[in-house]
Amino acid sequence: MEVDLFMLVVLGTAITAAVSSSPNLYRTVRKNGFHRELFTKIFIPTSLIDAKCECLIEEQFPPGLYIDPYELKNYREKGGPQFDSPAVDIEKPKELSPNLVFIIYPQQFTAIGPEYVTNVTVPVHIRYHQPSSRYDTVQIQLKNPRLYLLCQVIDKSIQMNKKQFPCNSVDNNCLWTEIKYKTDVINIEFDVPVGSLHHQGSVISVTLAVTIVCCLYLSSKMLHTHVK
Amino acid sequence: MLQTIPYKIRIMNVNVSVFTFTHQKRYFRFVDEATRSTGRDVEMALQWEIKTALVLALLIRTGVVLYGEWQDRNSIVKFTDVDYNVFTDAAEYMTQGVSPYNRSTYRYTPILAWMLQPNITISPLFGKVLFVLFDVLSGYLIYVMLMSEKTGQDRSLQCAFMWLLNPLPIVVSCRGNAESIMSFLVLLSLRLFQQNRIILGAIVYALSVHVKIYPLTYCVALYLYYSRNNKEGGQRLTLQWIREKLRPSKENTTLVGVSLFTFVILTGTCYQRYGWNFLQETYLYHIVRRDIRHNFSVYFYMLYLTAGSPYAGIIGLAAFLPQLILIVVCSLKFHKDPPMAFFLNTFIFVTFNKVCTSQYFLWYLCLLPLVLPSLTMSISKGITLIVAWLLGQGIWLMPAYYLEFEGMNTFFWIWCAGLLFFLINIAVIASILDSYVYTPWGRGIQKQE
């Protein structure tokens, strides 16, 4: 009897916890190497916002990470998200690159059970980082994004400040409302392989030795080729 | 219907059989302005074999372009190169009357963006069709030049096939890279110099340097070619010998004058219209290029590791000097045979360059068919070298893939593979030098065959 009551309480807590009363963000990174995919999923309980809501993600990228706006433009034509991006120099290494702010517009919410859900996948790329004498790989941290809504927010407790951003398909600016959300992840980490400065001495000497010797070899060969 | 007809081809007393297509598809008339000259010494009538070869090359490339369109629409991995999108975007800016350099990573002459405007107004395929045409014309120029050197119909056709049926230029052009424009311009300038049409040759040469800088490495060889008739006073490599070689002949003055004039006009006009951006993106970027990302170059890892070091400048210079020395030696030695001088120059330039991507290989591959008849190498040795060269690239691509797409730290292995590929290239150059037999080139030379 006591066990049954205990089980009932546990189950009850679990069910209420599952249907949280706060917006939720889920993030993960797919693929490996220098070209990854950032997957973001947003859950907002229907009780908190209006039906016809649009949302916007404001990403703050560290210098080591970037989005290629031309790639995203092509991706948009194949069903990818709308976005707003500054000019990006895709060739510079991390040390010569700034922080960048990107705006992504996920697709419309769909109602799944008691929540509005939407997700978006964005291809991201990692820049070359300078070589290190201590580590094989370096970590990049991507902070959690800011979430904005363009609609009537019923529950004012999740509301934060308002900001101007371009409305989705039009160039005009609209007034978006930032909202709080809960998430399990503090920030996402990317591992980047870097060159080893331990190798520097041997790499320089061997490379230059090989190239100079081959240069002398070919020079002498050419000078001894018989050309009338 | 395919008929195999064995052709006996004599490559310096070695008999080899080859197959050739005899099925005629349709006639295709090429009007070749460059071969119209007074007193043709070679029968340049367009034989049906070369016509068939050109048509076949065109059909193959058309097929690959159409396949590329299908793959673009139906697969995540695109067939078309990113560069083609860059060209198209730059051309779109051109149609709007804006500078093409608004498109980031557009690093070419504005003439290219201007030429590709029909990509926007007519069809996105226009550029690819243009590149394919230049590609096929390059093959035709190879044939014409070899025939003019009395290489013989069969061998000339075989060498032209080396370019026309070669998968590397086919794939590169059909993916939308503009390399075929360079191969066409370089081959055309060689053809004009072969016919001693110096003014036209100098104009085309200056145009080729304007489009991409690397033909500038040919300038010493070209200059010396036109002073080859200067009396060689004294022994080799004495000051007197050098002075005699450098003394400008009438042809040299024309060559230098017309080239400089054309180049200044072209560059000046573009600078006037597009400003500093044009100079920066078209020339300075390529000269000062410090692309530390992984590539075939033997210097890649060294430059990456020393990028932030105070010795970066000296190391860069140490990497530049072998290139410079070898180009000068090569020009001094082979200037009497410009195709060989150009070929070796470019091969050395690319092998010793600080950055090396697969597009660069086409710069010297288009000249290889011209040089082949001068090589006494056996076919089996040639094939071994080609296989080793391809294998070297394959061996490099493996750790590169693991670095870029799996995030494994394979830098050391990429460096080793880069060294290996470098040494394979050196071996290929050495073999070519060993098997080279000089024959005089160009009009107005007494042939002693």
Q) Using 1/(1 + (r/R0)^6) with R0 = 56 angstrom and r between the beta carbons of A:V210 and B:V264, what's the FRET efficiency to the nearest 0.05? A) 0.90
Q: Can you check what the net charge comes to around A:Y148, using other residues whose Cβ is under 11 Å from the Cβ of A:Y148 (Lys, Arg +1; Asp, Glu -1)?
A: 0
(Q) Quick check: from the Cα gyration tensor, does chain A come out rounded (a/c under 1.5), prolate or oblate? (A) prolate
**Q.** Per-bin percent of Cα-Cα distances, the range A:106-202 [5 Å]
**A.** 2, 9, 13, 16, 15, 12, 9, 7, 7, 5, 3, 2, 0, 0
Q.
Quick check on chain A: helices-only [θ] at 222 nm, where DSSP H runs of length 4 and up contribute -39,500 (n - 2.57) each and the sum goes over total residues. Nearest 500, please.
A. -7500 deg cm²/dmol
Q.
Cut-off 15 Å, label point 7 angstrom out along Cα-to-Cβ of B:T121: give me the residues of the range B:70-91 whose amide nitrogen falls inside.
A. B:91
Q. Okay, helix-only estimate at 222 nm for chain B: each DSSP H run of n ≥ 4 adds -39500 (n - 2.57), divide by all residues, round to 500 deg cm²/dmol; what do you get?
A. -20000 deg cm²/dmol
(Q) Counting only trypsin sites (Lys or Arg not before Pro) that sit in a DSSP loop (anything but H, G, I, E, B) with at most 10 other Cβ atoms within 10 Å, what is the longest stretch of chain B containing none of them? (A) B:237-446
Q. What pairs in A:K73/A:K94; A:K41/A:K78; A:K41/A:K92; B:K212/B:K354 have C-alpha atoms more than 28 Å from each other?
A. A:K41/A:K92
(Q) Let me confirm the definition first: pairs of Lys residues in the range A:98-228, 8 or more apart or on different chains, C-alpha distance under 21 Å. How many are there? (A) 10
Q: Could you tell me which of rounded, prolate or oblate describes the range B:304-449, using a ≥ b ≥ c as the square roots of the eigenvalues of the alpha-carbon gyration tensor, with rounded for a/c under 1.5 and, failing that, prolate when a/b is larger than b/c and oblate otherwise?
A: oblate
Q. Any idea what the dipole of the protein assembly as shown comes to, in debye rounded to 20, about its Cα centre with Lys/Arg Cβ at +1 and Asp/Glu Cβ at -1?
A. 2460
Q. Calculated FRET efficiency, A:Q152 and A:T183, Cβ-Cβ r, R0 25 Å, to nearest 0.05?
A. 0.55
Q) Using only Cα atoms, what is the ratio of the radius of gyration of chain B to 2.2 N^0.38 Å? A) 1.00
Q) Just the Cα atoms of the range B:120-263, one point each, no solvent: what log10 I(q)/I(0) does Debye give at q = 0.14 Å⁻¹? A) -0.78
Q | Projected label distance in nm at B:W114 and A:I90, using a 7 Å step from Cα toward the beta-carbon | A | 2.8
Q. So which chymotrypsin sites (Phe, Trp or Tyr not before Pro) in the range B:273-356 pass both tests, a DSSP loop state and at most 16 other Cβ atoms within 10 Å of the Cβ?
A. B:Y311
Q: Hand me the trypsin sites (Lys or Arg not before Pro) from the range A:57-121 located in a DSSP loop with no more than 13 other Cβ atoms within 10 Å, in residue order please.
A: A:K78
Q. Measuring from centroid to centroid over Cα atoms, what is the spacing of the range B:245-262 and the range A:208-224 in Å?
A. 31
Q | Summed side-chain charge close to B:G407 - residues other than B:G407 whose Cβ falls under 13 Å, Lys, Arg +1, Asp, Glu -1 | A | -2
**Q.** Computed over the range B:182-271, Kirkwood Rh from alpha-carbon pairs, angstrom
**A.** 13.7
Q: Can you work out the PRE-style zone for B:A430? Point 7 Å along Cα to Cβ, and I want the residues of the range A:196-220 with backbone N under 19 Å.
A: A:206-220
(Q) Let me make sure I get this right: for the range A:66-140, a, b and c are the square roots of the gyration tensor eigenvalues over alpha carbons, sorted descending. Under 1.5 in a/c it's rounded, otherwise prolate if a/b > b/c, else oblate. Which is it? (A) prolate
Q: Please turn the phi angles of the range B:251-256 into ³J(HN,Hα) values with the Karplus equation 6.51 cos²θ - 1.76 cosθ + 1.60 (θ = phi - 60°), one per residue in order, whole Hz, x for glycine and proline.
A: 5, 4, 4, 4, 4, 5
Q) If you average 1/r over all unlike Cα pairs in the range B:39-164 and invert the result, what Kirkwood radius do you get in angstrom? A) 16.7
Q) Hey, any idea what Rg/Rh is for the protein assembly as shown, computing Rh the Kirkwood way over Cα pairs? A) 1.06
Q) Do any cysteines of chain A lack a neighbour Cys whose Cβ is under 4.7 Å away, and which are they? A) A:C55, A:C214, A:C215
Q. With each label point set 7 Å from Cα along the Cα-Cβ vector, what nm distance links B:I213 and A:S22?
A. 5.7
Q: Just report the Cα centroid separation between the range A:89-113 and the range B:388-422, whole Å.
A: 31
**Q.** By accessible area with a 1.4 Å probe, ligands and nucleic acids excluded, highest first: order of B:L390, B:L284
**A.** B:L390, B:L284
Q: Could you let me know the centre-to-centre spacing of the range B:214-230 and the range A:41-88, using Cα atoms, in angstrom?
A: 57
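The values are calculated or read from the model by the stated rules, or taken from the named source; none is laboratory data. Since we're looking at a predicted model, the values are computed, not measured. All Cβ positions, even for glycine, are placed from backbone atoms using ideal geometry, and neighbour counts span all protein chains on display. Note: accessible area is taken over every heavy atom of the protein model, side chains too, but ligands, DNA and RNA are not part of it. Shrake-Rupley method; radii C 1.70, N 1.55, O 1.52, S 1.80 Å.
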